[in-house]
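Scroll down for the structure; my scribbles are underneath it.
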Amino acid sequence: MPDISLTAVVLLCLAALAAGWIDAVVGGGGLLLLPALLLGLPAGTPAAHALGTNKAVAIVGTTGAAVTYARKAPVDVRTAVRIGLAALAGSSAGAFFAAGMSTDVLKPVIMVVLLAVAAFVILRPAFGTAPAAGPATRRQVLAAIGLAGLGIGFYDGLIGPGTGTFLVLALTALLHLDLVTASATAKIVNCCTNAGALATFAWQGAVLWQLAALMAVFNLAGGTLGAHTALKKGSGFVRVVLLTVVFALVANLAYEQWLA
């Protein structure tokens, strides 16, 4: 592990705690965790080590949140795993194409989509507040596997930021879930994609395991707390956090596109 000051370690652990909470409620914890690692690690540390360590930390918090949700929310684990396996394949394909594509071309498109999503959620106050009328149909599940699994998984491998938030929105719309159940399902899908990415980074030797283990404890605490908060506060609370994360993601992408 590189030589990191105690202050930097403390700040990284606090960032992991906050990121775990955000990610469990509505996704998007990577918006906080990855920049924190990029800033907190010593100058000259390869970016791949920040990415790999981020995945090692995030998978622990995501798994903790998924277990908490699965115990208390009406999650269809079988459907979630099927979508997750499709997302794993999609993210692998996205990572393959990412090597030869400039993401600068796609970022403005993503920003427009996110702003459209925010407008939709604001203008449709009932979106994601009503529980599903019954089990998802075969057509709905196939649509979720195709769009939320392969499609968003491909985006995760190609660009990445906001994948959890996109999953929550897609699962809510396609499977007619409330936002809490959609968040719970998204965590299981995220476990699959994170596992694939982590395996790749670990094989490349790009994970700072000692730092990741320490940060993972805080991320797990944040993820578990976030899941409990979402279950307690309900879909209305998740909706507010969702809009906050969407606007933060737009601001982050705009900064990377035009100011960084």
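Structure notes:
- Among the residues making up region 18-38, those that are open to solvent by 20 Å² or more (accessible area, probe 1.4 Å) and closer than 12 Å to Thr62 by Cα are Trp21, Ile22, Asp23, Gly30.
- Top-ranked residue of region 190-219 - restricted to ones that are among the β-branched types (Val, Ile, Thr) and either at pLDDT 95 or above or touching an Asp or Glu at 6+ places or on another chain (Cβ under 9 Å) (or both), ranked as nearest to Gly157 (Cα to Cα): Thr193
Quick grid of which residues meet (1) under 18 Å from the mean Cα position of the chain (by Cα); (2) surrounded by fewer than 16 Cβ atoms within 10 Å (Cβ to Cβ); (3) among the small types (Gly, Ala, Ser):
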{"residue": "Ala212", "(1), (2), (3)": "yes, no, yes"}
{"residue": "Leu242", "(1), (2), (3)": "yes, no, no"}
{"residue": "Ala251", "(1), (2), (3)": "yes, yes, yes"}
{"residue": "Leu259", "(1), (2), (3)": "no, yes, no"}
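- So Thr45, is it assigned to a helix (DSSP H, G or I), out of contact with any Cys (no Cβ under 8 Å at 6 or more places or on another chain), polar (S, T, N, Q) and open to solvent by 20 Å² or more (accessible area, probe 1.4 Å): no
- Among the candidates Gly196, Gly205, residue that is more than 17 Å from Ala24 (Cβ to Cβ) and not in a helix (DSSP H, G or I): Gly205
- Restricting region 78-113 to residues that are of a type in the set (Val, Ile, Thr) and open to solvent by 70 Å² or more (accessible area, probe 1.4 Å), the residue that is modelled with the lowest pLDDT is Val105.
- Any hit, region 63-74, residues being at pLDDT 85 or above, within 30 Å of Leu225 (Cα to Cα), in contact with a Cys (Cβ under 8 Å, 6 or more places away or on another chain) and polar (S, T, N, Q): yes
- Residues of region 56-65 satisfying the condition of being open to solvent by 40 Å² or more (accessible area, probe 1.4 Å) and not polar (S, T, N, Q): Val60
- Top-ranked residue in region 1-42 [being part of a loop (DSSP other than H, G, I, E, B) and closer than 20 Å to Ile152 by Cα; ranked as modelled with the highest pLDDT]: Gly29
- Gly222 vs. criteria open to solvent by 30 Å² or more (accessible area, probe 1.4 Å) and modelled with pLDDT of 85 or more: no
- If only residues of region 162-182 that are outside any helix (DSSP H, G or I) and open to solvent by 10 Å² or more (accessible area, probe 1.4 Å) are counted, the one that is farthest from Ala73 (Cα to Cα) is His176.
- Residue match in region 50-62 (condition: over 14 Å from the mean Cα position of the chain (by Cα) and free of Cβ contacts under 8 Å to residues at least 60 places away in the same chain): yes
- Where a residue in region 234-253 is farther than 13 Å from Ile22 by Cα and part of a helix (DSSP H, G or I) and its partner, wherever it lies, is open to solvent by less than 50 Å² (accessible area, probe 1.4 Å) and polar (S, T, N, Q), with Cβ under 9 Å and at least six apart: Ser235/Thr181
- Across region 129-159, the qualifying residues are those that are within 18 Å of the chain's Cα centre (by Cα) and modelled with pLDDT under 75, and the one among them that is farthest from Gly234 (Cα to Cα) is Leu158.
The values are calculated or read from the model by the stated rules, or taken from the named source; none is laboratory data. This structure is a prediction, so every number in the text was calculated from the model and none was measured. Glycine gets a Cβ as well: all are built from the backbone with ideal geometry, and neighbour counts include every protein chain shown. The protein model used for the area step is the full one, side chains on, heavy atoms only, and it has no ligands, DNA or RNA in it. Shrake-Rupley method; radii C 1.70, N 1.55, O 1.52, S 1.80 Å.
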